[in-house]
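Notes follow the structure.
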Amino acid sequence: MPLKNVTKNQPIVKNVNVARDFWTRVRGLIGRDTLSDEETLFFERCSSIHTCFMRFPIDVVFINKEFKVQRTFENVKPWRLIMPVPGARSVFEFKSGVIRQKQISVGDQLNVEP
């Protein structure tokens, strides 16, 4: 499933990987060496994250229930904690640099396309 920035009419990534069950949510990106430029990991019902045990920095985009960007964090290094973001319902984790490259901003409307 591709992810698109509807506000800017721009594709963001081609593959949205969803952390659906308990174990994929707990594991997240732990144990991986990187993310590709064309993938993201999506956590529904999540307003805070940590990067403990991760091996690489990530970009993080928090969205509300309508998929509108509430807050972004660029180049979050391993062993960091992002406290709950008010109004956030879910989060996308990207390879570091995607927010800047794709010009994702607070207020942008995102959409996962079938």
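The values are calculated or read from the model by the stated rules, or taken from the named source; none is laboratory data. It should be emphasised that the depicted structure is a prediction, and the values quoted were computed from it without experimental measurement. Surface accessibility is based on the protein's heavy atoms, side chains included, excluding ligands, DNA and RNA. Shrake-Rupley method; radii C 1.70, N 1.55, O 1.52, S 1.80 Å.
Tabulated data
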item: Helix-derived mean residue ellipticity, 222 nm - over the chain, DSSP H n ≥ 4, -39500 (n - 2.57), to 500; result: -2000 deg cm²/dmol
item: Probe 1.4 Å - accessible area at Arg71, Å² to nearest ten; result: 120
item: Heavy-atom accessible area per residue - the chain, 1.4 Å, Å²; result: 57
item: Fluctuation leader among Val26, Val18, Val69 - the chain, Gaussian network, Cα springs under 10 angstrom; result: Val26
item: Heavy-atom accessible area ranking, 1.4 Å probe, most first, across Asp59, Asp33; result: Asp33, Asp59
item: Scaled radius of gyration (Cα, divided by 2.2 N^0.38 Å) that the chain gives; result: 0.95
item: Karplus 3J(HN,Hα) series, Hz, for region 76-91 with 6.51 cos²θ - 1.76 cosθ + 1.60 (x for Gly, Pro); result: 6, 7, x, 6, 10, 10, 10, 5, x, 9, x, x, 7, 10, 8, 8
item: Heavy-atom accessible surface of the chain: percent carbon and sulfur, 1.4 Å; result: 52
